[in-house]
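**Q** Here it is, the structure in full.
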Amino acid sequence: MRKSDILIVDDQPSVCKEISSFLGSEFNVHAFKNGQEALDYMELNGADLVLLDYDMPGLTGFEVLMAIRQHKSTHDTPVVFLTGETNERMRLEMMGRGATDYLCKPVSSSELHHCVRKHLRPITD
């Protein structure tokens, strides 16, 4: 069985590093500092799951999500928002726009692992 490919999209290098350290032994983790880099990567390589920051310069998390949902090859890719937003309206908007789930920052390693495993489909070679 191959390792699942997880994309982390966050403009804060410390967040990418921390999440990579949480998940790197179990999954292939690819970190991107902006949404366009992640979309370019996905167009060529795909992904099994995307962990996406909501608030980024350039393309916002919502814009990246909309681009992922519009392409046939990535339409069904699970996208989990990572956000500091804790209000109910924002969470409902995230889910209404097609997010698979969301996690509030700072996220614990156990919460992150649980969420990732919940949304990854079994991967076989």
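**Q** If I go through the stretch 68-91 residue by residue, how many of them are touching a residue at least 24 places away in the same chain (Cβ under 8 Å) and under 17 Å from residue 46 (Cβ atoms)?
**A** 9
**Q** Of these, 48, 10, which one is crowded, with 19+ Cβ neighbours inside 10 Å, more than 19 Å from residue 119 (Cα to Cα), in contact with a Lys or Arg (Cβ under 8 Å, 6 or more places away or on another chain) and not aromatic (Phe, Trp, Tyr)?
**A** Among 48, 10, only 10 is crowded, with 19+ Cβ neighbours inside 10 Å, more than 19 Å from residue 119 (Cα to Cα), in contact with a Lys or Arg (Cβ under 8 Å, 6 or more places away or on another chain) and not aromatic (Phe, Trp, Tyr).
**Q** Residues of the stretch 92-106 being farther than 14 Å from residue 65 by Cβ and either in contact with an Asp or Glu (Cβ under 8 Å, 6 or more places away or on another chain) or touching a residue at least 40 places away in the same chain (Cβ under 8 Å) (or both), which ones?
**A** Across the stretch 92-106, the qualifying residues are 103, 104, 105.
**Q** Pick from the stretch 1-52 the residues that are of a type in the set (Asp, Glu) and either modelled with pLDDT under 95 or not in a strand (DSSP E or B) (or both): which of them is nearest to residue 106 (Cα to Cα)?
**A** 18
**Q** I'm trying to understand the selection: among the residues of the stretch 71-100, which are in a loop (DSSP other than H, G, I, E, B) and modelled with pLDDT of 85 or more?
**A** 71, 72, 73, 74, 75, 76, 77, 78, 97, 98, 99, 100
The values are calculated or read from the model by the stated rules, or taken from the named source; none is laboratory data. A quick note: this is a predicted structure, and the numbers were derived from the prediction, not measured. Quick reminder, even Gly has a Cβ in these numbers, built from the backbone with ideal geometry, and neighbours come from all protein chains shown.
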